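Only the coordinates and a few stated rules stand behind these numbers; no lab work does. What you see is a predicted model, and the numbers here were worked out from it, not measured in a lab. Cβ sites come from the backbone with ideal geometry, for glycine too, and all protein chains shown count toward neighbours.
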Amino acid sequence: MFYNASPQIFEKAKILRKDMTATELKLWEIIKGKKILGLRFRAQHPIDVYIADFYCHPIKLVVEVDGGIHKSNNQKEYDIGR
């Protein structure tokens, strides 16, 4: 389920869970606790070298919440590679 994520990625995900953006927190309030069709979502979930904002394993769904950080040229290039 974590698809070869390294210990460093797990640590970064833990930090991101504690520091979610306002938009991520709003969405998290809606989807946490199996409120959507009884499906469990995980916040800031490690997948290989990436961290998905939200992940639902039974249906293999990744949800990314884009914000202002994605407007920089460096981040745009990184996102394309992802």
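Taking amide hydrogens as modeled 1.01 Å from N in the peptide plane, which residues meet the under 5 Å criterion relative to A52, leaving out close sequence neighbours? It is H45, I47, by chain and number. Return one number: the angle in degrees, 0 to 90 and rounded to the nearest 10, between the long axis of the Cα atoms of helix 22-31 and the longest principal axis of the Cα atoms of the chain. In the chain, helix 22-31 runs at an angle near 30 degrees to the longest axis. Projecting label points 7 angstrom from Cα along Cα→Cβ for V63 and K32 puts them 1.3 nm apart.
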